[in-house]
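The values are calculated or read from the model by the stated rules, or taken from the named source; none is laboratory data. Predicted model, so just to flag it, every value in this text is computed and none were measured. Cβ placement follows ideal geometry from the backbone for every residue including glycine, while neighbour counts extend to all protein chains displayed.
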Amino acid sequence: MTKSPRLPRAIGASGLTSSPLGLGCASLSGSYGPSDETNALAVLREAFSRGVTMFDTSDKYGNGHNEELLARAFSGHRNEVVVASKFGNMAGKDGKIADNSPQTMIASCEASLKRLKSDVIDLYYIHRIDPAVPIEDTIGAMARLVEQGKVRALGICEVNPATLRRAHSVHPIAAIQSEYSILYRQEAEEVLQTTRELGIAFVAYAPLGRGLLTGAVQPGSLGEKDERLRHPRFSAENLPKNLELVDAIRAVADKRGSTPGQVSLAWLLAQGEDIIPIPGTKTMSRLIENIDAASIILSEDEIGFIAKSIPPDAAAGLRYRAEHMKNMYL
Ligand SMILES: NC(=O)c1ccc[n+]([C@@H]2O[C@H](COP(=O)([O-])OP(=O)(O)OC[C@H]3O[C@@H](n4cnc5c(N)ncnc54)[C@H](OP(=O)(O)O)[C@@H]3O)[C@@H](O)[C@H]2O)c1
């Protein structure tokens, strides 16, 4: 079993903790092209046996398939893992991006509990902010789920500092989950000032820049069912520019005998004890490679070199397509 020199990380003030790196499970239900279920279960169980304790899912991933997968993988071990799920991301269905109404939230939670075959969701996030519903109403309703024991702690994805403060004034928010990597860190660095003031953990999604920071995605390498084809960072124009940025990470990795992906994760882990990156993979060897990254302690020089070589505004292409950026960081 791989041993990380890093201690578990607190999930805000909730009393829950996570291994330094959690596992993002979305791609195990097809978000980046087809996924084999037997392999997915093996990946989840291997992660658990190597000390990963937080598993990130959503009712949106595979339309519920992902939650069912977690239930199967951790049958008999439910109390040994932190299951984080989400609701409210309509992804444009019926013309709506988000639905945060209390009724939808309550029904979504019940459906997730059924799929998870569990009485409780450890960490329950709003997946996308719905400007039509005051955040106080949604968090107020979520707080009642905490009182009823159906949810242990609350989280919000893609939230800005002002909305986060409003939410936290209704019920303690344990974690936010937003995109955070060396490549895309402007909003993360801004909201971190507020999460730190309020004692909230930062769960960093897409910590490998959706695979870009590993150097493994090359022009023409994405399959036709891979949703990353729609992301500006991978466009024919932007991908070569972004791959040039990875050279600085590779330079540090080569000197250490590690990989660019590992150095990218170690860099994020070094940004603070409150950061919990959740890299995703459906490949066993990459899972092990990523978990081993928690053992890499970068020097101040290495951390500074990477930050200077890849300034916060260096990425070519927005995080999402322009029409979707409107729904982020609200
Ligand atoms: N809250 C939100 O709105 C939101 C949005 C996006 C994601 N998320 C969460 O964040 C998790 C992680 O994000 P993500 O999967 O989008 O991005 P990511 O973790 O940055 O990158 C995942 C991609 O990198 C590849 N990869 C992983 N390890 C690798 C390695 N060592 N070498 C080469 N390639 C490697 C994977 O390929 P293979 O699978 O082929 O190995 C996959 O295509 C998701 O699973 C989800 O739980 C949340």
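Structure values in brief
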{"item": "Among the candidates Lys282, Lys326, residue that is charged (D, E, K, R), modelled with pLDDT under 95, under 21 Å from the mean Cα position of the chain (by Cα) and within 21 Å of Glu179 (Cβ to Cβ)", "result": "Lys326"}
{"item": "Filter result for Gly62 (within 12 Å of the ligand (Cβ to nearest atom), within 25 Å of Ser221 (Cβ to Cβ) and modelled with pLDDT under 95)", "result": "no"}
{"item": "Some residue of the stretch 56-74 being closer than 20 Å to Ser31 by Cβ and over 20 Å from the mean Cα position of the chain (by Cα)", "result": "yes"}
{"item": "Whichever residue in the stretch 115-136 is touching a Ser or Thr at 6+ places or on another chain (Cβ under 6 Å) and without any contact (Cβ under 8 Å) to a residue 40 or more places away in the chain and, among such residues, is nearest to Glu158 (Cα to Cα)", "result": "Ile135"}
{"item": "For Phe48: the one exception among (1) in contact with a strand residue (DSSP E or B) (Cβ under 9 Å, 6 or more places away or on another chain); (2) in a helix (DSSP H, G or I); (3) within 13 Å of the ligand (Cβ to nearest atom)", "result": "(3)"}
{"item": "Residue that is surrounded by the most Cβ atoms within 10 Å (Cβ to Cβ), among those in the stretch 143-180 that are assigned to a helix (DSSP H, G or I) and within 16 Å of the ligand (Cβ to nearest atom)", "result": "Ala167"}
{"item": "Every pair of residues 6+ apart whose Cβ atoms lie under 8 Å, when the first sits in the stretch 237-257 and is under 21 Å from Leu298 (Cβ atoms) while the second is surrounded by 15 or more Cβ atoms within 10 Å (Cβ to Cβ) and of a type in the set (Asp, Glu)", "result": "Val252/Glu302"}
{"item": "Residue match in the stretch 25-42 (condition: within 16 Å of the ligand (Cβ to nearest atom), touching a residue at least 24 places away in the same chain (Cβ under 8 Å) and within 20 Å of Leu145 (Cβ to Cβ))", "result": "no"}
{"item": "Elements of type helices (runs of 4 or more DSSP H) contained in the stretch 192-310, each with 1 or more residues being farther than 24 Å from Ala47 by Cα", "result": "238-256, 300-309"}
{"item": "Pick from the stretch 300-323, criterion in contact with a helix residue (DSSP H, G or I) (Cβ under 9 Å, 6 or more places away or on another chain) and of a type in the set (Gly, Ala, Ser), ranking: modelled with the lowest pLDDT", "result": "Ala322"}
{"item": "Failed condition for Lys225, given (1) among the basic types (Lys, Arg); (2) buried (at least 17 other Cβ atoms within 10 Å of the Cβ); (3) at pLDDT below 95", "result": "(2)"}
{"item": "Pairs with Cβ under 6 Å, 6+ apart, first in the stretch 205-219 and of a type in the set (S, T, N, Q), second more than 6 Å from the ligand (Cβ to nearest atom)", "result": "Thr214/Pro260"}
{"item": "Flag if Ala91 is in contact with a Lys or Arg (Cβ under 7 Å, 6 or more places away or on another chain) and at positive phi", "result": "yes"}
{"item": "From Ser235, Ser264, residue being within 14 Å of Arg210 (Cβ to Cβ) and away from the ligand (no atom under 15 Å from the Cβ)", "result": "Ser235"}
